[in-house]
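The values are calculated or read from the model by the stated rules, or taken from the named source; none is laboratory data. Here the structure is a predicted model, which means the values were calculated and not measured. Here the Cβ positions follow ideal geometry from the backbone for every residue, glycine too, while neighbour counts run over all protein chains shown. Surface areas here come from the heavy atoms of the whole protein model, side chains and all, with no ligands, DNA or RNA. Shrake-Rupley method; radii C 1.70, N 1.55, O 1.52, S 1.80 Å.
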Amino acid sequence: MTFWSQEVLMLFFVYSILFGAVILVYKQEHLQVDLFEKMPDKIDKILNYFVKIVITIVLLILVYFSILQVYLSIDANQVMTSIPIGRWIMYIPMPICFLLMIYFTWKTGDKS
């Protein structure tokens, strides 16, 4: 048997992880690997745009499938086990946060 407190904790966990990831992208404090250090500025700028494009493509794929997950959850009328709310409440921050990550990937400048 699932208690309501476990489901509320799960909701808070999902929301905090996803919005925490958005904050890290905004502050540019997410995990980064510097494979090429001390590159000429022109090459560094090209690589930076390439990385942003790859990040955007991956996040767009995640946006698509997270919207699909929200839609399927609403369509199936899934509800939480012990809380009488729709399960889509747990999935709705995913597309929102992924879109915010795309926005902040391009909005924030280089940290260097």
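Numbers below:
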{"item": "Accessible area of ASP44 in the full protein assembly, 1.4 Å probe (Å², nearest 10)", "result": "70"}
{"item": "Global form of the stretch 15-66, assessed from the alpha-carbon gyration tensor, a/c cut-off 1.5", "result": "oblate"}
{"item": "Solvent-accessible area, 1.4 Å probe, carbon plus sulfur percent, for the chain", "result": "70"}
{"item": "Spatially close lysines, pair count over the chain: Cα under 18 Å, gap of eight or more or interchain", "result": "10"}
{"item": "Cα→Cβ-extended label distance, 7 Å offset, between ASP75 and LEU31, nm", "result": "3.3"}
{"item": "Cα lying deepest toward the dipole's positive end in the chain, options VAL54, SER66, TRP106, charges on Cβ", "result": "TRP106"}
{"item": "Calculated [θ] (222 nm, deg cm²/dmol) that DSSP helices of n ≥ 4 give over the chain, each run adding -39,500 (n - 2.57)", "result": "-24000 deg cm²/dmol"}
{"item": "Inter-label distance, nm, simple model (7 Å from Cα along the C-beta direction), ALA21/SER82", "result": "2.7"}
{"item": "Excluding exposed DSSP-loop trypsin sites (Lys or Arg not before Pro) (at most 13 other C-beta within 10 Å), longest clean stretch of the chain", "result": "39-110"}
{"item": "Principal semi-axes in Å for the chain [√(5λ), Cα gyration tensor, largest first]", "result": "36, 15, 9"}
